[in-house]
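Heads up: the structure comes next, in structure tokens.
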Amino acid sequence: MEVQGDILDEFLQQQRSGRQGAQPTPCREQPEARAGPDNCRDSGDPSDFRIPVLPYGRHLVIDIKSTWGDRHYVGLNGIEIFSSKGEPVQIASIQADPPDINILPAYGKDPRVVGNLIDGVNRTQDDMHVWLAPFTPGKSHSVSIDFSHPCHVALIRIWNYNKSRIHSFRGVRDVEILLDAQCIFHGEIAKASGTLTGAPEHFGDTILFTTDDDILEAIFRSDETFDVDTGGPCSLPCEEPLRRPSTADGDSEERPYTQAGLWAQVPEVELPCSAPVSEVTTPEPGVYHGICLQLNFTASWGDLHYLGLTGLEVVGKDGQALPISLHQISACPRDLNDLPEYTDDSRTLDKTGTWRRAPPHPFLAPCFL
């Protein structure tokens, strides 16, 4: 079945607009059901693949092929499945391979286990309601679900990993979904936003296996997702501040440690009022003259512990980069070696000499809030 856009979103939009008397018009007529191959990779040209209409079965496998960029971990927030009756499918068991990060030597009681995917708490950043497992490129990664009874599947909603904007890159990207060994979907799952506000499409993807109006209306009546107020952020309980995690060197393939627990709430920092700055007039608009350039960093892109740069370049009025020597640069804190647990980390201030310096040559320093 090939559908342009999301027919369920269109249907729900009309429901919310009060058009109770009118039925939504599908994007196109419902095609005939086509039996999918036993394996998604046997389908040849991906453009020839058609999502089957109301596939029937009992054993569902989500085969994860890639993440949104994280090389070490893969995770999900939740999975919802609705039958052709418009009701949530009753799940008998759920397993994952690898099961979770507790198979790694450094873990043992991490709460991010696969059972969290079906606990009904999906719009969250709480580690008690998500799943996280080690990811190794080229290896098998999958989630397997057994239904209590065979049924026709009408909708699958995948809530991607949503811990934060940074950690959302651990979410699944390319997947293949099989029902009783028959391929029913292969494609890309949207990355989660890393926030707690927004519509469901900001947290993953909804896969439809029907455009039947009666089934969609039945799903709408039993779908609790749209009962959640998406207008404001959910309040998270206070937790003790997390200890600063260790950071893996960029040259190493070592899997970095990931710590479970809620993000520490960051208090709003009130900067002291500074004296009014007199307007600066320059001989040429946009060109300033001086001897000391100071950059004050007030926030990172979400990391509570570290702040870094790949390089820094200052361009003169002729468009050429100004020469900068190491003795002309200082930073506070200077780099990671200011911390007691670091002594010879290579991500030092001299790596900021130019933006054109290719990774892995970044500068990294501890961040104090």
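No value in this document is a laboratory result; all are computed from the given coordinates. Because the structure is a prediction, the values reported are computed rather than measured. Don't worry about glycine lacking a Cβ; one is built from the backbone with ideal geometry, like all the others, and counts go over all protein chains shown.
Figures for the structure shown
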| item | result |
| --- | --- |
| Asn296/Leu339 FRET efficiency (R0 30 Å; Cβ-Cβ; nearest 0.05) | 0.90 |
| Pairwise FRET efficiency - Cys332 versus Ala106, Cβ, R0 = 35 Å, nearest 0.05 | 0.60 |
| Segment Val315-Asp180, extension gain: residue separation times 0.36 nm, minus the distance between their alpha carbons | 42.5 nm |
| FRET efficiency estimate (nearest 0.05) - Cβ-Cβ, Ser140 to His289, R0 51 angstrom | 0.25 |
| Fully extended contour minus Cα-Cα distance, from Ser346 to Ile324, at 0.36 nm per residue | 5.9 nm |
| Derived scalar couplings ³J(HN,Hα) [the range 211-224; Karplus, 6.51 cos²θ - 1.76 cosθ + 1.60; whole Hz; x for Gly, Pro] | 10, 5, 4, 5, 5, 5, 5, 5, 5, 4, 5, 9, 7, 7 |
| Chain lengthening between Tyr257 and Lys85 when straightened (0.36 nm per residue, less Cα-Cα) | 57.5 nm |
| Cut-off under 5 Å, modelled amide H: who pairs with Ala154 long-range | Phe82, Ser83, Ser84 |
| Loop-located trypsin sites (Lys or Arg not before Pro) in the range 76-151 whose Cβ has at most 13 other Cβ within 10 Å (DSSP) | Lys109, Lys139 |
